[in-house]
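J.: Below is a structure I'd like to ask you about.
The values are calculated or read from the model by the stated rules, or taken from the named source; none is laboratory data. Quick caveat: nothing in here was measured; it's all calculated off a predicted structure. Positions of Cβ are generated from backbone atoms using ideal geometry, with glycine treated the same way; all protein chains shown enter the neighbour counts.
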Amino acid sequence: MLDILSFVFLILIGTMFFLGIQYNSLQRKAHLVKEAHSNILVAMKKRLDLINKLIDIASAYGSHEKLTYITISKEANITEIMTSYQKADKILGQLNNIMRNFPELKANETYQMLMKQLENVENDLQKKREEYNAVAREYNTTRNSIPTVFIAHTLGFKEAPYFSIEIDAVEALKEFRTDDGEMLKALIKTTSSKVLEAAEKASAKVEKALESVSQREKQET
């Protein structure tokens, strides 16, 4: 009976060790996905801020153009930011029209400095999109590999969506969540209970078998 309990205990320890390794690997890579996603949002907000500063200057030249400031709250979610991001493209088109009609605006040093900063932010944003998709691809590859794919969902790890400016993709990004350990704890608890229950049943069968053998031996003597 002791050997059976020892064997069951080793299985339990091995299972917990395996789950812990898989969980830590997924959690580490999921954190990189969230961090890369956060970096994109920071760059987007910076882009919107620069466009508002350009509006400040351009409004003095093209008063006939209806330029609307882009306002987002500090707690704005990704859907709000992406909606404002798409509006910003239209405003940039208006700013370019004003600049073509007013050469003095094009010559404005502050305006040109802001346009250069905006160009740098656009390049940085493209780089951050590529970085996000790279870490999302690595996370998904790990998540969908064997044997991780069989337990990833149970551990609370969804597949990471790739970044796109389409609204449907934005909603998918917003829904990307990972468990913070609660599912792992619950799974380990459930697994432990089942293993211990199986061990108790096995021990009971062994004891019954030993008792039966003992009784036969007594009868033979």
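J.: Identify all residues within segment 87-96 that are exposed (fewer than 13 other Cβ atoms within 10 Å of the Cβ) and in contact with an Asp or Glu (Cβ under 8 Å, 6 or more places away or on another chain); write none if there are none.
T.: none
J.: Considering every residue within segment 175-186, establish whether at least one is over 18 Å from the mean Cα position of the chain (by Cα) and at pLDDT below 85.
T.: Yes, segment 175-186 contains at least one residue that is over 18 Å from the mean Cα position of the chain (by Cα) and at pLDDT below 85.
J.: Taking V135 and the conditions (1) surrounded by fewer than 18 Cβ atoms within 10 Å (Cβ to Cβ); (2) within 21 Å of the chain's Cα centre (by Cα); (3) assigned to a helix (DSSP H, G or I), which numbered condition does it fall short on, given that it satisfies the others?
T.: Result: V135 fails condition (1) only.
J.: Which one of the conditions (1) surrounded by fewer than 17 Cβ atoms within 10 Å (Cβ to Cβ); (2) out of contact with any Ser or Thr (no Cβ under 8 Å at 6 or more places or on another chain) does E80 fail to meet, given that it meets all the rest?
T.: All conditions are met except number (2).
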